[in-house]
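Participant: Have a look at this one.
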Amino acid sequence: MGSLFGTDGVRGKANSYPMTADMALRLGAAAGRYFRQDRSAQHRVVIGKDTRLSGYMLENALTAGLTSTGMNVLLLGPIPTPAVGMLTHSMRADLGVMISASHNPAHDNGIKFFGPDGYKLSDEAEAEISALVEHGVEPAAAENIGRAKRIDDGLGRYVEYAKTTFPDGLRLDGLKVVIDCANGAAYKVAPEVLWELGAEVIPVGVSPNGHNINDKCGSTHTATAAEQVVAHGADIGICLDGDADRVLILDETGTLADGDQLMALFAARWADEGRLHGPALVATVMSNLGLERFLAERAILLHRTPVGDRHVVEAMRKGKLNLGGEQSGHIVMTDYATTGDGLIAGLQFLAEMVLTGRKASDLMQNFEPVPQKLVNVRFAAGQLPLDDVSVQAAIAAAETELEGSGRLLIRKSGTEPLIRVMAECEDADLLEKVVGDVAGAVEIATS
């Protein structure tokens, strides 16, 4: 069967392999057995979810699997992914589980695991859990079956913690903030945190119905929030994704800043304050060449990793670094959180606005991006387009054309059946050509 896990947990279309109730039950049992090594002790799990309809099904199945191995389950309900990481550690749980497919459409879902330290699991731990799923696990004796209960204070704990990450003595009084929660996991907590810190809040995407998560809202569709920023004369728009572990920022005109611009702002400020460890930033191979040049001018190192915030966090922990992230908006600040946290990153941007007295538009254009083009090509199950000789030839030709003037990145998505073709180059015509040539070759190979 191989590992069930992709770049960010197990993910797929709800009610289709591997996102079935049966597989969730088996995953729960496997994870429960993996973490319940000492069978004489009490063990607990916290489970959070976003607002997808299939979350009910998967939550119940996971609970059955976990309790069957003797784990006691605490159900948090809809709550951001970073909150699950935080609560796993603070509540002394052996395991945290988040049921979410992040920025994907409502028909998808996923399962992410956190260890007792609040960090996502290592590749090795995921491989062992996959093996337990495949071979099966022995259930606990009848008298040792675990209990499950819903807890009501998880959201409140996270709200209070998020507020502590905002600098002491600062307030958001006088700032008008549009917050787009993507009809997802942060629909309650994000507006509450901002309001309690003093902001005038215009909430968007806060009416989940099980089907509308990420639908024409959130970080994957910022036009909705941009319209509200302009209509209300807001100072800033903060766009979260479905599980609130990523953020994109809109300035007062509705113009967008991606994760690269946010990382540039935070890295430069933290370096000036002497609080940027390294001094270095961890980003992925997708981050813009302009960011790399911006950091080099300030003697800040850039460490690149494969795509996926988990890889970013692993590199940060290995290098004892405290800032990293992805162009897509995962901003990881290990001083505050164990994974990307869209709300906390948004609060840090707001803190910059308050401290400097500058507009959002003045803070979010820190470097001129090198033109970048990304094309996604879908492939069918069983296809291996990157092994095709014609595709390999097209990639080699493109790399030759770009040599010295840009870069090419071809990768298979870890969460969807897509080949991602990305290139950067100052020459717009050459950029269009090389991406078109490679994407065209992949399309032919998959037709």
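The values are calculated or read from the model by the stated rules, or taken from the named source; none is laboratory data. Bear in mind the structure is a predicted one, so any value in this text is a computation, not a measurement. Don't worry about glycine lacking a Cβ; one is built from the backbone with ideal geometry, like all the others, and counts go over all protein chains shown. Ligands, DNA and RNA are excluded from the accessible area calculation, which covers all protein heavy atoms including side chains. Shrake-Rupley method; radii C 1.70, N 1.55, O 1.52, S 1.80 Å.
Participant: Do you know which residues across the range 297-322 are among the basic types (Lys, Arg) and either open to solvent by 30 Å² or more (accessible area, probe 1.4 Å) or assigned to a loop (DSSP other than H, G, I, E, B) (or both)?
Facilitator: Arg298, Arg304, Arg317, Lys318, Lys320
Participant: Let me ask something else. Looking at the range 431-447, I want the residues that are touching a residue at least 24 places away in the same chain (Cβ under 8 Å) and closer than 18 Å to Leu418 by Cβ and have a partner that is aromatic (Phe, Trp, Tyr) and open to solvent by 20 Å² or more (accessible area, probe 1.4 Å) with Cβ atoms under 7 Å, at least 6 apart or on another chain. Which pairs are those?
Facilitator: What qualifies is Thr446/Phe379.
So that you can scan it fast, the table gives a plain yes or no per residue for (1) in a loop (DSSP other than H, G, I, E, B); (2) free of Cβ contacts under 8 Å to residues at least 60 places away in the same chain:
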| residue | (1), (2) |
| --- | --- |
| Gly324 | no, no |
| Ala345 | no, no |
| Phe349 | no, no |
| Met353 | no, no |
| Gly382 | yes, yes |
| Ala397 | no, yes |
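Participant: Under the condition of being of a type in the set (Val, Ile, Thr) and in a loop (DSSP other than H, G, I, E, B), which residue from the range 205-223 is most open to solvent (accessible area, probe 1.4 Å)?
Facilitator: Applying the filter and picking the extreme gives Val206.
Participant: Please determine whether any residue of the range 4-13 is at pLDDT below 95, open to solvent by 10 Å² or more (accessible area, probe 1.4 Å), in contact with a helix residue (DSSP H, G or I) (Cβ under 6 Å, 6 or more places away or on another chain) and part of a loop (DSSP other than H, G, I, E, B).
Facilitator: Yes: one or more hits.
Participant: Further question on the same structure: Among the listed residues Ile129, Ile202, identify the single one that is part of a strand (DSSP E or B) and crowded, with 18+ Cβ neighbours inside 10 Å.
Facilitator: It is Ile202.
Participant: Taking the stated definitions as given, is Pro116 more than 21 Å from Ile236 (Cα to Cα) and either in contact with a Lys or Arg (Cβ under 8 Å, 6 or more places away or on another chain) or not charged (D, E, K, R) (or both)?
Facilitator: yes
Participant: Tell me which of these Tyr161 doesn't satisfy, since it passes every other one: (1) surrounded by 21 or more Cβ atoms within 10 Å (Cβ to Cβ); (2) closer than 17 Å to Ala244 by Cα.
Facilitator: (1)
Participant: Quick check on the range 279-291. Is at least one of its residues closer than 21 Å to Ala186 by Cβ, surrounded by 21 or more Cβ atoms within 10 Å (Cβ to Cβ), in contact (Cβ under 8 Å) with a residue 40 or more places away in the chain and touching a Gly at 6+ places or on another chain (Cβ under 9 Å)?
Facilitator: Scanning the range 279-291 turns up no residue that is closer than 21 Å to Ala186 by Cβ, surrounded by 21 or more Cβ atoms within 10 Å (Cβ to Cβ), in contact (Cβ under 8 Å) with a residue 40 or more places away in the chain and touching a Gly at 6+ places or on another chain (Cβ under 9 Å).
Participant: Looking at Glu138, is it assigned to a helix (DSSP H, G or I), open to solvent by 10 Å² or more (accessible area, probe 1.4 Å) and in contact (Cβ under 8 Å) with a residue 12 or more places away in the chain?
Facilitator: no
Participant: In the range 177-193, how many residues are free of Cβ contacts under 8 Å to residues at least 60 places away in the same chain and under 21 Å from Ala360 (Cα atoms)?
Facilitator: Counting residues in the range 177-193 that are free of Cβ contacts under 8 Å to residues at least 60 places away in the same chain and under 21 Å from Ala360 (Cα atoms) gives 1.
Listed here are the residues, each with its yes/no results for (1) more than 18 Å from the chain's Cα centre (by Cα); (2) in contact (Cβ under 8 Å) with a residue 24 or more places away in the chain; (3) not in a strand (DSSP E or B).
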| site | (1), (2), (3) |
| --- | --- |
| Val97 | no, yes, no |
| Pro105 | no, yes, yes |
| Ile111 | no, yes, no |
| Gly118 | no, yes, yes |
| Arg157 | yes, yes, yes |
| Ala162 | no, yes, yes |
| Asp168 | yes, no, yes |
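Participant: Taking the range 57-82, which residues are in a loop (DSSP other than H, G, I, E, B) and under 14 Å from Gly96 (Cβ atoms)?
Facilitator: Met71, Ile79, Pro80
Participant: Please state which of the following conditions Lys120 fails to meet, knowing it meets all the rest: (1) farther than 21 Å from Asp309 by Cα; (2) crowded, with 23+ Cβ neighbours inside 10 Å; (3) at pLDDT below 95.
Facilitator: Only one criterion is unmet by Lys120, namely (1).
Participant: Hey, could you check the range 292-322 for residues that are in contact (Cβ under 8 Å) with a residue 60 or more places away in the chain and out of contact with any strand residue (DSSP E or B) (no Cβ under 8 Å at 6 or more places or on another chain) and say which is nearest to Leu409 (Cα to Cα)?
Facilitator: My answer is Arg293.
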